[in-house]
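The values are calculated or read from the model by the stated rules, or taken from the named source; none is laboratory data. No experiment lies behind these values; they were computed from the predicted model shown. Counting neighbours? That spans all protein chains shown, and the Cβs are built from the backbone with ideal geometry, glycine included. Ligands, DNA and RNA are excluded from the accessible area calculation, which covers all protein heavy atoms including side chains. Shrake-Rupley method; radii C 1.70, N 1.55, O 1.52, S 1.80 Å.
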Amino acid sequence: MPPTPERRPTWRRTLRALAVSYGVCATLALAVVLVFSDGNVVSYVLGLFAAWWLAPALLLVPLAAAAGSRRTLAAVTAPAVAAGAMAGPYVVNRFSPVEAAPDLRVATFNTSAWQGVDGLAALVRDREPDVLALQEIAKSSRAAYDERFGGLYPYRSYTPASTQGDGDAVWSKHPIVSVDTVTGLPEGARPAEVVTLDVDGRRLAVVSVHLASPCLFCSPSAARHSPAGDTANAARVRVEEARRFADLASERRAAGEAVVVAGDLNSAELNEPLRELRSHGLVDVHRAVGTRPGLTRGRSPGFARVDVVLVAGLEPVATREGAPGGSTHSPVIADLAWPS
């Protein structure tokens with residue numbers, strides 16, 4: 001007969017108690033994220049770091065099943081399901097690679113205001129993207145960027161600088177047809193533009209996005225000087241930005257253009273902005289064909305996947321991360337194909 005709880009070794013009882021406690025806390029955290037979304041600091045931060053605090057549940061489920069601990073299994077089931085939903089597509093993609101040949105390579109990279117110049121040079125040299133969506137390009141650095149990379153990307157468009165002195169950019173090997181300012185963005189949002197390219201006779205609308213930066217754990221004084229305010233308000237700004245970009249993508253797609261929305265969302269898988277963008281028909285390339293979590297923010301392995309390439313009217317073929325150089329973000333490279 002199996003030992004009764006009283007006869008089990010102390011270390012086993014302690015481990016089970018810890019596992020149950022983790023399961024209960026993770027389930028409550030998941031409920032907070034699902035109920036409050038990005039509405040407050042706690043739910044936003046929990047969503048941002050979800051890849052880490054949900055991961056242990058995947059290990060605890062088989063261990064609890066093997067040990068016959070129904071209480072532990074019940075406690076960790078919900079976080080395990082959430083973790084599986086986040087990581088599952090990458091496992092599936094490993095066994096079902098896309099066989100289509102790519103027609104276009106797009107990359108996005110937050111250069112961290114020139115600190116990522118080495119990473120950008122490696123990205124251009126090793127991956128040779130056709131289109132680059134860049135973020136945090138300081139206005140004072142544009143001339144130096146153009147001098148170094150202008151020969152490879154003769155078609156370049158820069159947004160007006162934000163109140164923080166930086167902006168976004170689209171660099172292309174294909175001609176720029178038009179540049180349209182994005183209107184209707186909330187207060188605290190960075191300026192954005194739709195850059196329309198002529199890609200071998202096809203129209204491609206590209207938006208380089210950098211959603212409002214969080215003021216994580218900052219002082220009230222710092223929050224007052226942040227363009228989007230404190231962490232909670234910045235989260236709300238990001239949701240509004242995502243809705244505007246999602247609507248814009250739908251409009252462009254309805255007009256017959258393929259669409260790329262790429263950049264730094266300052267939010268991760270369980271945060272609301274990515275859900276908003278996906279809900280309007282944009283396909284998250286990494287989730288569609290990626291084979292690993294791809295945590296792009298921070299030094300490898302990073303703490304969250306905040307840099308994304310989303311498309312409509314194009315088929316994802318492959319995705320990978322590049323070397324960050326001195327940046328605090330890793331570039332994301334997406335291979336795409338025109339629909340057959």
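Return yes when Val195 is in contact with a strand residue (DSSP E or B) (Cβ under 6 Å, 6 or more places away or on another chain), of a type in the set (Val, Ile, Thr) and open to solvent by less than 20 Å² (accessible area, probe 1.4 Å) and no when it is not.
yes
Suppose we filter the stretch 149-178 for residues that are closer than 21 Å to Val259 by Cβ, surrounded by fewer than 19 Cβ atoms within 10 Å (Cβ to Cβ) and of a type in the set (Phe, Trp, Tyr); how many remain?
1
With the requirement that a residue be open to solvent by 40 Å² or more (accessible area, probe 1.4 Å) and over 17 Å from Gly294 (Cβ atoms), what does the stretch 96-125 give you?
Ser96, Glu99, Ala100, Ala101, Pro102, Asp103, Ala113, Trp114, Gln115, Asp118, Arg125
In the set Arg236, Arg292, which member is over 23 Å from Val98 (Cα atoms) and of a type in the set (D, E, K, R)?
Within the list Arg236, Arg292, the selection yields Arg236.
In the stretch 212-257, which residues are outside any helix (DSSP H, G or I) and surrounded by fewer than 22 Cβ atoms within 10 Å (Cβ to Cβ)?
Correct list: Ser213, Leu216, Phe217, Cys218, Ser219, Ser226, Pro227, Gly229, Asp230, Ala255, Gly256, Glu257.
Suppose we keep only residues that are hydrophobic (A, V, I, L, M, F, W, C) and open to solvent by 60 Å² or more (accessible area, probe 1.4 Å) within the stretch 74-95. Which one would you say is nearest to Val20 (Cα to Cα)?
Applying the filter and picking the extreme gives Ala74.
Take Ala235 and decide whether it is closer than 23 Å to Ser157 by Cα and within 18 Å of the chain's Cα centre (by Cα).
no
Scan the stretch 316-326 for residues that are more than 24 Å from Glu99 (Cβ to Cβ) and buried (at least 24 other Cβ atoms within 10 Å of the Cβ) and jot them down.
If the condition is that a residue be more than 24 Å from Glu99 (Cβ to Cβ) and buried (at least 24 other Cβ atoms within 10 Å of the Cβ), then Pro324 is the only one that fits.
Give me the residue from the stretch 21-73 that is surrounded by 22 or more Cβ atoms within 10 Å (Cβ to Cβ) and polar (S, T, N, Q) and, out of that set, farthest from the chain's Cα centre (by Cα).
So, considering only residues that are surrounded by 22 or more Cβ atoms within 10 Å (Cβ to Cβ) and polar (S, T, N, Q), the one farthest from the chain's Cα centre (by Cα) is Thr72.
Being closer than 30 Å to Arg202 by Cα, open to solvent by 10 Å² or more (accessible area, probe 1.4 Å) and either part of a loop (DSSP other than H, G, I, E, B) or touching a residue at least 60 places away in the same chain (Cβ under 8 Å) (or both) is the filter here; which residues of the stretch 258-280 pass it?
Across the stretch 258-280, the qualifying residue is only His280.
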